[in-house]
Amino acid sequence: MANHKSALKRIRQTEKKRLSNKYYAKTTRNAVKKLRLSEDKDEAVKMYPEVVAMIDKLAKKNVIHKNKASNLKSKLALQINRM
């Protein structure tokens, strides 16, 4: 158990942040999956900017690495262009 008040506060903050990061990461993963499974090119093109914005926000907050974000965006763009 923590010995300092600041350590107790840090535990509370970390847990709150962890849950928030988990929520946004899962939401983004679901959006990426939905875009990948999309059959309609028009729908995919429409969804792409929204998904990219979500990925960029995760990278900016260091929930995912910036290179992972770049790879995801690149793969999604390639898939949409191949449709």
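What follows is calculated from the coordinates using simple rules that are stated; it is not laboratory data. Everything numeric here is computed off the predicted structure, so don't read it as measured data. A quick note on method: Cβ atoms are made from the backbone with ideal geometry, for glycine too, and the neighbour counts reach across all protein chains shown.
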The condition of being in contact with a Leu (Cβ under 6 Å, 6 or more places away or on another chain), of a type outside the set (Val, Ile, Thr) and without any contact (Cβ under 8 Å) to a residue 12 or more places away in the chain holds, among Ala2, Ala53, only for Ala2
Within the range 18-52, residues surrounded by 14 or more Cβ atoms within 10 Å (Cβ to Cβ) and assigned to a loop (DSSP other than H, G, I, E, B) come out as Ser38
